[in-house]
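Read the structure below first, then the notes.
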Amino acid sequence: MRYVFKLVRDRTGPVKLLSYVLVALSRLNGFTDRMLVRPGHAPPVRATREFVVARLAADREFLFDSGAALSAIYAARQSEEPTIEFRFRVTIKYYYRTDRGRIITLRYDRYDLTVRTVEDGVLLELSMLGGLSRTDPTSLVDMIVEEARSASGSTVPIIVAVAPPGGTLGGSAR
Amino acid sequence: MSAPLENPFIDPDAVEYRRYQVELAKRALKGNTLISLPTGLGKTVIAALVAAERLRQRPEGSVLVLAPTKPLASQHLSTFRRLMRLEEGAFRLVTGEVPPVRREAIWHSGAKLFFATPHTVWNDVVSGSLDLGGFSLLVFDEAHRAVGAYPYVRIAQAYLNSARDGLILALTATPGSPEGRLREVTKSLGIREVVIKTRDSPDIRPYVAPLKTRVVKVSLPYRLRAALELLRADLTLVVRELAAEGLLSGRPDYRIPLRELLTLRSRLSTEDSPDSRAALAKVALAIKLRHLIDVVSSQGPRQALAYLERLASAPRRGKSDRMLLDLPSVKKLPELLRGSTHHPKLDVLKRLLRERASRDPSFKAIVFVSLRDTANLVFQELTEVKGVRPAKFYGQASRAGERGMSQADQRRVLEEFSAGIYNVLVATNVAEEGLDIPEVDLVVFYDPVPSAIRQVQRKGRTGRGRPGEVVVLLTVGAEEWAFWRAARGERQVMAARPSTDLTTFTGPPTTPQAERPAERDVTVVVDTRELQSEVVREMALMPDVKVSVSRLEVGDFLLSDRVAVERKTVEDLAASLVDGRIFEQIHRLREVYEIPILLIEGRDPYRPSRRGVSPKSLMGLVSSMALMGVPVLWARDHKDTAQILRLIARREQLERRRRVVLKRAPAKSLSEDMERALSSIPGVGPETARKLLKRFGSLIAVFNADRDQLMEVRGVGRKLADFIYGFVRRPYGAEEGEPD
C-alpha cells in the first residue's frame with residue numbers, strides 16, 4: 001500500500017522545505033521513546049520504540065545521520081534537475097525487557113519513503129514493506145512534520161495534504 | 001439614577017441604582033453578614049452603602065475596610081471616595097509601606113474610613129497602637145481567605161471581643177462549600193447570615209452578560225510526549241519505593257496527589273532517624289519530579305530546561321537535587337527537548353488572538369499563565385502577532401535576574417490597558433483576585449489552575465457588562481484531569497444551591513458583645529522580630545495582657561525591669577548551639593537584666609529533627625545554663641509559652657509591683673554607640689545608620705550633609721533624606737508638622 005502526503009508552507013520554497021525534511025529525518029534516526037504495545041495475544045506492555053532511518057543509494061543503505069543530511073542538502077541546493085528526489089528506508093523497532101531481564105523483540109515496521117520536490121512543496125510517498133503498522137504512516141509523517149517545523153526554527157505551520165490510499169496529489173515538477 | 005439608601009454620605013449621582021445592592025445592604029445592616037456575589041457586580045458599592053449607613057447611625061465610630069493586597073485596598077479607597085460625600089481627609093490608606101510610628105498617628109487622625117491590609121492591621125493591634133473597638137463596621141473583602149492562620153481570623157476574633165456594637169460585613173465571589181470552607185469562614189468571622197447570589201439569580205441576571213466557555217485541546221509534540229513518558233516512569237519507581245516502605249498507600253504511580261507527598265514530607269520532617277531522613281530525600285525527589293512533569297506538560301521545554309539549569313547551577317545542591325539530576329530520564333531530557341522550541345499551546349494562542357484581532361480590532365483579552373517565565377515567553381511571542389499589543393502584569397516580588405513590578409508599574413499598566421494602549425494582558429495569578437481590571441472580551445487560561453476558587457476568579461474578569469468568552473487551553477493527556485476536577489469544584493464553590501435565589505445560612509452565634517474584656521493589667525514587651533510568632537498571637541488574645549512591641553537589643557520578651565526571656569524552639573536551640581550564638585545571647589542578657597530566663601519550646605527538647613545535634617550536646621548546654629545561674633524553662637508549645645510569660649509578668653508586675661523598663665545593652669564599642677544615636681532618628685534603621693556613618697565618617701558630617709549628599713547613600717531616598725535634613729535642624733520643642 002502506498003500513501004502520499006504533500007507538505008506546503010507559506011513563503012517557503014520546495015528546496016528549503018526539502019532541507020527541513022532532510023534534517024527532520026536525520027533527527028528521527030536513532031530516536032527512541034516508549035509506547036504501549038500488545039505482543040500477540042498477551043497483555044499490553046510498555047516497549048521501547050526505536051527509529052532507524054537509512055538513505056537508499058546505489059542499491060545500498062546508508063544510515064542517515066546529521067552529516068549525511070548536510071551533504072544531501074548541499075546536493076539538493078546545487079542540483080539543477082527539475083525534481084530532486086531522495087529515497088529512504090525507515091525501520092521502526094519495538095522491544096521490551098521482561099521481569100527476568102530477557103529482551104523480547106517484536107516485529108519491526110518497515111517503510112520505504114520517497115521525498116520529492118514538486119512545484120509548490122514536497123511530496124512524501126510511503127510504502128509499507130512489512131510489520132504490523134504499530135506506528136501508522138500518518139503518525140510517522142506527523143513526526144517528520146513536527147521535526148521539520150522545529151528544524152525551521154519558526155512557528156509558521158507546515159500544511160499536510162493527504163491523498164487517498166494509492167492515489168496521488170499530483171503537482172508538477174519544480 | 002436615584003439615591004439607593006437615603007443617606008447623606010452617598011453621592012446619588014455616583015451610584016447607579018440597583019435593587020439587589022440596596023436589598024443586600026439592608027440585610028447586612030441587621031447583623032454580621034457574608035455576601036457572595038459574582039465578580040463585577042458591585043460588592044464595593046454594597047460595602048459603601050453599609051458603611052455610609054453605619055456612619056450615619058454612629059457618628060462617633062469609623063469604618064475599617066480590609067483587603068488582602070495593597071493595590072486592592074488602594075482601589076477600594078478610590079471607589080469609596082468616588083461614591084461618598086465626605087471630605088478628602090475622611091479616607092485614609094494604611095498599608096505596610098507606612099512606618100509604624102506614622103500609622104499610629106493615622107489611626108488617631110479622626111478619619112472616618114480606613115482602608116488597610118490585614119497583616120498591617122494585625123501588627124498594629126498586637127503592638128497596641130490600634131484599638132479595633134472604635135470601629136462601627138469591619139469590611140472583609142475576599143473573605144474566603146478567612147481560614148487557618150490568615151490574619152482575617154485573628155482580626156475578627158479581636159474585633160468581636162472588643163467592639164461594643166460592632167458589625168462585620170464579609171464579601172466574596174467564591175464562598176466555598178457549606179461543609180468545608182464556608183463553614184470555617186463563617187465561624188472565623190462570627191457570621192450570622194450568609195447571602196449567596198449567582199449569575200442565575202433573577203435580580204442579578206439583567207446585569208450580567210452571557211459567558212461562553214470553550215476548551216481547546218492541544219496535543220504534545222512527540223518529543224515532549226517521550227520526555228513525559230520517561231519522567232513518569234521514574235516518578236512511578238520512586239513512588240513505588242516509598243509505598244514498599246509502607247509510607248504511601250493507594251495508587252503508587254506518577255498520578256499520586258501532590259498533597260499526599262506534602263503531607264508525608266511534613267510528617268517525616270518531624271522524625272529523627274536515618275531511615276526517615278533517607279525517605280525524606282525520596283519524597284523531595286518525588287515532589288521535584290512532579291513539578292518537572294507539570295512544567296514539561298503545561299509550560300514547555302524551555303521552562304523545563306531552565307528549571308534543570310537552575311538546579312544544576314545552584315551553589316548548594318540538596319540531596320534530592322543531586323538525585324534528580326542523576327536520574328536517567330532527566331539526563332536524557334536536554335537531548336529530547338533540544339529540538340522543541342516551545343509548547344504547541346503558544347501557536348494556538350497566537351492563532352486565536354490573531355483571528356480575534358482581525359475580527360474586532362478593539363478587542364481586549366487577558367491571558368493567565370502560572371509562571372513568570374512563561375509570562376515572559378508568551379509576551380515575547382505575542383509582540384510578533386499582528387493586531388496584538390501585549391503587556392506583562394505580574395507580582396511585586398523580585399526573582400533571580402528580574403525585578404518584580406512595583407505597585408506604580410502595575411497601576412500604570414492597568415491604566416494603559418484600560419485606555420487601549422495595550423489590548424492583551426499577559427498576567428500571572430496576581431490579576432486573578434479582586435483587582436478591578438477593565439472589562440475584557442476574552443480570558444484565556446494558558447494553563448488550567450487546579451483550584452476551583454482561582455478558576456472562578458479568573459473567569460470573573462470577563463462577561464461583566466458585555467458578552468465574554470473564556471478559552472481554556474488543555475494539553476491532551478496531561479492537564480485535562482486537573483481542569484475538570486477544578487470545574488467540578490467550581491460548582492461547589494459557587495454555592496451549595498446555585499438554583500436558589502437567596503440562600504440563607506445561619507452561622508454560629510457571635511461572641512456576646514456584653515462580654516467586654518477586663519482592663520489589661522500586665523504588659524509584655526515583645527521584640528519586633530517576634531511579632532509574627534504564634535506566642536504573640538496567643539498573648540494578644542489574653543484579656544489581661546497588653547502586648548507592647550519594641551526593638552529589644554537583648555532577649556525576646558521583657559516582663560519587668562529585671563526579667564527578660566530568651567525564647568528558643570528546640571530547632572532554634574540546636575541551630576544556635578551549632579553556630580555558638582546562644583552563649584553570646586545569654587551573656588548579653590545577663591549583663592543587662594538581673595533575672596535572665598531561657599525558655600525552650602518543643603515536645604521532645606533533646607531531639608531536634610533537622611539538625612545533626614546529639615542529645616548529649618543539648619543536655620550539656622542546659623547544664624551550662626544552670627551553672628551560669630540562668631533558669632531554664634520548658635514549654636510544650638506556643639500556648640504554654642504564652643501562659644508562662646503571662647504568669648511571670650503577673651507575678652512581677654502585680655504582686656511585686658515592678659515596672660517594665662526597657663534597658664539598653666552596654667555597647668560593644670563607641671562606633672556602635674554612634675550607630676545607635678543615628679538609628680534613633682525615625683526611619684533610620686541600624687543598617688542605614690551604618691551606611692551613613694561609613695559614607696560620611698562621623699555623626700557631625702552626617703548632620704551637616706545636605707539632601708543630595710544624603711541621597712547618595714544606598715537605602716536613603718528623597719523622603720528619608722528630607723526627613724533627616726529637617727529633623728537634625730528642627731528646634732527643640734517645635735510643634736509637630738512637616739520638617740522644614
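The values are calculated or read from the model by the stated rules, or taken from the named source; none is laboratory data. Please read all numbers here as calculations on a predicted model, not as lab measurements. Using ideal geometry, Cβ is built from the backbone for each residue, glycine included, and neighbour counts are taken over all protein chains shown. All accessible areas refer to the heavy atoms of the entire protein, side chains included, with ligands and DNA or RNA removed. Shrake-Rupley method; radii C 1.70, N 1.55, O 1.52, S 1.80 Å.
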**Report entry** Helix-only [θ]222 nm of chain B, DSSP H runs n ≥ 4, -39500 (n - 2.57) each, per residue, nearest 500
**Finding:** -13500 deg cm²/dmol
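222 nm [θ] for chain A, helices only, -39500 (n - 2.57) per DSSP H run of 4+, per residue, to 500? Intermediate results must be reported in sequence, preceding the final value.
Working: 3 runs with 44 residues, N = 174.
After summing the helix terms and dividing by the residues of chain A, the value is -8000 deg cm²/dmol.
Just to confirm, what accessible area per residue do you get for the range B:522-655 at 1.4 Å probe, in whole Å²?
Working: 5930 Å² over 134 residues.
Using a 1.4 Å probe on heavy atoms only, each residue of the range B:522-655 averages 44 Å².
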Report summary line: Any chymotrypsin sites (Phe, Trp or Tyr not before Pro) in the range B:1-60 that lie in a DSSP loop and have at most 16 other Cβ atoms within 10 Å would be B:Tyr17
Query - Carbon + sulfur, % of accessible area of the protein assembly as shown - ligands and nucleic acids excluded, 1.4 Å - result: 50 percent
**Report entry** Area of B:Glu87 that stays accessible when all protein chains are in place (1.4 Å probe, Å², to 10)
**Finding:** 130 Å²
Query raised in the report: Under 27 Å Cα-Cα from B:Lys568, which lysines qualify once same-chain neighbours fewer than 8 residues away are excluded?
Result: B:Lys546, B:Lys616, B:Lys639, B:Lys663, B:Lys668
Query raised in the report: Which residues of the range B:201-240 end up with at least 30 Å² less accessible area in the presence of all protein chains than when their chain stands alone, using a 1.4 Å probe?
Result: B:Tyr222, B:Arg223, B:Ala226, B:Glu229
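Summing Lys, Arg as +1 and Asp, Glu as -1, what charge do residues with Cβ under 12 Å from the Cβ of B:Tyr159 carry, B:Tyr159 excluded? Present the calculation step by step, with values, prior to reporting the outcome.
On the way: positive: B:Arg154, B:Arg164; negative: B:Asp131, B:Asp165.
Neighbourhood net charge equals 0.
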Query - Burial of 40 Å² or greater, the range A:24-50 residues [accessible area, probe 1.4 Å, versus chain by itself] - result: A:Phe31, A:Arg34
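Using the beta-carbon distance between B:Asp203 and B:Ala278 and R0 = 60 Å, what value does 1/(1 + (r/R0)^6) give for FRET efficiency, to the nearest 0.05? Let's see the in-between values first.
On the way: r = 61 Å, r/R0 = 1.02.
Between B:Asp203 and B:Ala278 the formula returns 0.50.
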Requested in this report: May I ask for log10 I(q)/I(0) of chain B at q = 0.05, 0.06, 0.08 Å⁻¹, from a Debye sum over the Cα atoms as equal point scatterers with solvent left out?
Outcome: -0.31, -0.46, -0.84
Report task. Would you calculate the separation in nanometres between label points at A:Ala163 and B:Arg730, each defined as 7 Å from the Cα along the Cα-to-beta-carbon direction? Result -> 9.0 nm
Query raised in the report: Residue-wise, which Karplus ³J(HN,Hα) couplings in Hz belong to the range B:42-56, taking 6.51 cos²θ - 1.76 cosθ + 1.60, θ = phi - 60°, and x for glycine or proline?
Result: x, 5, 5, 5, 4, 4, 5, 5, 5, 4, 4, 5, 5, 5, 6
Report summary line: Partner shielding of B:540-548, taken as the mean number of other chain Cβ atoms within 10 Å, equals 0
Query raised in the report: So what's the gap between the Cα centers of the range A:46-75 and the range B:240-272, to the nearest angstrom?
Result: 46 Å
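Compute the Cα gyration tensor for the range B:634-718, then decide on rounded, prolate or oblate, letting a ≥ b ≥ c be the square roots of its eigenvalues: rounded whenever a/c is under 1.5, prolate when a/b is larger than b/c in the other cases, and oblate in all that remain.
Working: a/c = 3.46, a/b = 2.61, b/c = 1.33.
Note, shape of the range B:634-718 comes out prolate.
I need the peptides B:713-723, B:557-567 ranked by packing, meaning the mean over residues of other C-beta atoms within 10 angstrom, with the highest value on top.
Details: B:713-723: 15.5, B:557-567: 23.5.
In decreasing order of mean packing, B:713-723, B:557-567 become B:557-567, B:713-723.
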Requested in this report: Compare each residue of the range A:136-156 in its chain alone against the assembly with all protein chains, and report those whose accessible area goes down by 20 Å² or more; 1.4 Å probe, heavy atoms.
Outcome: A:Met143, A:Glu146, A:Glu147, A:Arg149, A:Ser150, A:Thr155
Report summary line: FRET efficiency for B:Lys30 and B:Gln643 from the Cβ-Cβ distance with R0 = 56 Å, rounded to 0.05, comes out at 0.90
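Stick to Cα atoms and the Kirkwood definition of Rh, then tell me Rg/Rh for the protein assembly as shown.
Working: Rg = 34.1 Å, Rh = 33.0 Å.
Radius of gyration over Kirkwood radius for the protein assembly as shown works out to 1.03.
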Report summary line: Here the gain from full extension of B:Glu534 to B:Arg659, 0.36 nm per residue of separation minus their alpha-carbon distance, amounts to 42.5 nm
Query raised in the report: Name the trypsin sites (Lys or Arg not before Pro) in the range B:637-702 that are in a loop by DSSP and that have at most 13 other C-beta atoms within 10 Å, would you?
Result: B:Arg656, B:Arg657, B:Arg659, B:Arg664, B:Lys668
**Report entry** A:Arg2/B:Arg359 FRET efficiency (R0 41 Å; Cβ-Cβ; nearest 0.05)
**Finding:** 0.45
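Sorting A:Tyr96, B:Tyr606 by accessible area (1.4 Å probe), largest first, what list results? Walk me through the numbers on the way to the answer.
On the way: A:Tyr96 40, B:Tyr606 65 Å².
The most accessible residue leads, giving B:Tyr606, A:Tyr96.
Can you list which of the trypsin sites (Lys or Arg not before Pro) found in the range B:126-234 are DSSP loop residues with at most 13 other C-beta atoms within 10 Å? Intermediate results must be reported in sequence, preceding the final value.
On the way: sites: B:Arg145, B:Arg154, B:Arg164, B:Arg181, B:Arg183, B:Lys187, B:Arg192, B:Lys197, B:Arg199, B:Lys212, B:Arg214, B:Lys217, B:Arg223, B:Arg225, B:Arg232; in loops: B:Arg164, B:Arg192, B:Lys197, B:Arg199.
Answer in residue order: B:Arg164.
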Query - Signed unit charges on C-beta, dipole axis of the protein assembly as shown, positive-most listed residue B:Ala564, B:Ile586, B:Gly733 - result: B:Ile586
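Can you pull out the buried accessible area for chains B and A, both sides counted, probe 1.4 Å, rounded to the nearest 100 Å²? Please report the intermediate quantities before stating the final value.
On the way: alone 34750 and 9510 Å², together 43090 Å².
For B against A, buried area totals roughly 1200 Å².
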Query raised in the report: When the chain is fully extended, how far beyond the present Cα-Cα distance does B:Thr263 get from B:Met628, taking 0.36 nm per residue of separation?
Result: 127.2 nm
Report summary line: Label model pair B:His291, A:His41: point-to-point distance (7 angstrom along the Cα→beta-carbon line) in nm is 5.0 nm
Report summary line: Cβ-Cβ cut-off under 13 Å around B:Arg356, Lys and Arg +1, Asp and Glu -1: the net charge is +4
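Determine the per residue accessible area of the range B:222-337 with all protein chains present and a 1.4 angstrom probe, expressed in square angstrom.
Heavy-atom SASA per residue in the range B:222-337 reads 49 Å².
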Query raised in the report: For the range B:19-198, what number of Lys pairs, 8 or more residues apart or on separate chains, have alpha-carbon atoms under 20 Å from each other?
Result: 9
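What full-extension length gain, to one decimal in nm, is calculated for B:Glu23 and B:Glu672 as 0.36 nm per residue of separation minus the Cα-Cα distance?
Numbers: separation 649, 0.36 × 649 = 233.64 nm, distance 6.28 nm.
Full-extension gain reported as 227.4 nm.
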Report task. Under a 10 Å cutoff between Cα atoms, tell me which one of A:Ile144, A:Ile159, A:Ile92 has the largest fluctuation in the Gaussian network model of chain A. Result -> A:Ile159
Report summary line: For B:Arg310 and A:Thr138, extending 7 Å from Cα along the Cα-Cβ vector and measuring point to point gives, in nm, a value of 4.0 nm
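What whole-number value in Å² describes the accessible area per residue of chain A for a 1.4 Å probe?
Numbers: 8950 Å² over 174 residues.
Counting only protein heavy atoms, the per-residue value for chain A is 51 Å².
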